[in-house]
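Worksheet: the structure to be examined is printed underneath.
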Amino acid sequence: MKRARGAGGLGLVVVWALSIGTVASAGAQQVPGADQLRPQVSQIQMRLQKDPNLKNNRIEVTVANGVATLKGKVDTQAEKAEATRLASVSGIVGIDNRLEVGSASLDQAVADSALTSSIKEKLESSEMTRFDGVAVRTNSGVVTLTGSVQSEQAQKKVLDIVHDTDGVTRVENNLTISPPKQY
């Protein structure tokens, strides 16, 4: 009798474990539906970032019920149309393109040029080291750094200088670290 009771208890544990597995599986099946949106958003964002005319624009992408919504600002009507084309990925049934078209004005170009000059001046006057290998480009307040520095400490100094400059909205750090060659 004890033996049967033990086996019955084990059977209940197995049934209970299986039922938990079934509940967990049912819960897991609901999540992928939501997770399917993430790859679509990521895929659209990746496609926008690869486009040379769109990569420096801030475009917000959301997906709901198979409809991709694009918000932000682009420079031309052609860029807006290209963003719509790039948002057409698998699983998207419609695109709500709310992008505003507003080409970079002369004021923005002057502001970007002044910002680039200010950053370059600060880098040149830095007492820590010289930053001859650093190129600075600004587009709508987004500063892109390319080139190389001699150490992680030098890279941190460059980033601190740029982040502390008024008018910088975002920094794209493409700097590499290349220690000086010793002969």
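The values are calculated or read from the model by the stated rules, or taken from the named source; none is laboratory data. Just so you know, these numbers come straight off a predicted model, no measurement behind them. Counting neighbours? That spans all protein chains shown, and the Cβs are built from the backbone with ideal geometry, glycine included.
With the condition kept exactly as written, say whether any residue in the stretch 92-103 is surrounded by 17 or more Cβ atoms within 10 Å (Cβ to Cβ) and within 22 Å of residue 138 (Cα to Cα). Yes, the conditions are met somewhere in the stretch 92-103. Of all residues in the stretch 61-75, those satisfying the criterion of being assigned to a strand (DSSP E or B) and more than 29 Å from residue 138 (Cβ to Cβ) are 63, 64, 67, 68. Within the stretch 76-113, restricting attention to residues that are touching a residue at least 40 places away in the same chain (Cβ under 8 Å) and outside any loop (DSSP other than H, G, I, E, B), which residue is farthest from the chain's Cα centre (by Cα)? The qualifying residue farthest from the chain's Cα centre (by Cα) is 111.
Table: residues versus (1) under 30 Å from residue 43 (Cβ atoms); (2) in contact with a Ser or Thr (Cβ under 9 Å, 6 or more places away or on another chain).
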residue: 65; (1), (2): yes, no
residue: 100; (1), (2): yes, no
residue: 123; (1), (2): no, no
residue: 147; (1), (2): no, yes
residue: 156; (1), (2): no, no
residue: 163; (1), (2): no, no
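Residues of the stretch 171-183 that are closer than 15 Å to residue 136 by Cα and at pLDDT below 90: none at all. Among the residues making up the stretch 149-183, those that are crowded, with 17+ Cβ neighbours inside 10 Å and more than 22 Å from residue 108 (Cα to Cα) are 149, 154, 155, 157, 158, 175. Does residue 89 satisfy the criteria of being within 25 Å of residue 44 (Cα to Cα), modelled with pLDDT of 90 or more, loosely packed, with under 11 Cβ neighbours inside 10 Å and not polar (S, T, N, Q)? Taking the combined requirement at face value, the residue does not satisfy it.
Among the residues of the stretch 127-141 satisfying the criterion of being surrounded by 17 or more Cβ atoms within 10 Å (Cβ to Cβ) and not hydroxyl-bearing (Ser, Thr, Tyr), which is modelled with the highest pLDDT? Step by step, filter the stretch 127-141, then rank; the result is 136.
Restricting the stretch 37-56 to residues that are closer than 17 Å to residue 138 by Cα and free of Cβ contacts under 8 Å to residues at least 60 places away in the same chain, which is surrounded by the most Cβ atoms within 10 Å (Cβ to Cβ)? Per the criteria, the residue is 54. Residues in the stretch 154-170 that are modelled with pLDDT of 90 or more and among the polar types (S, T, N, Q): 155, 165.
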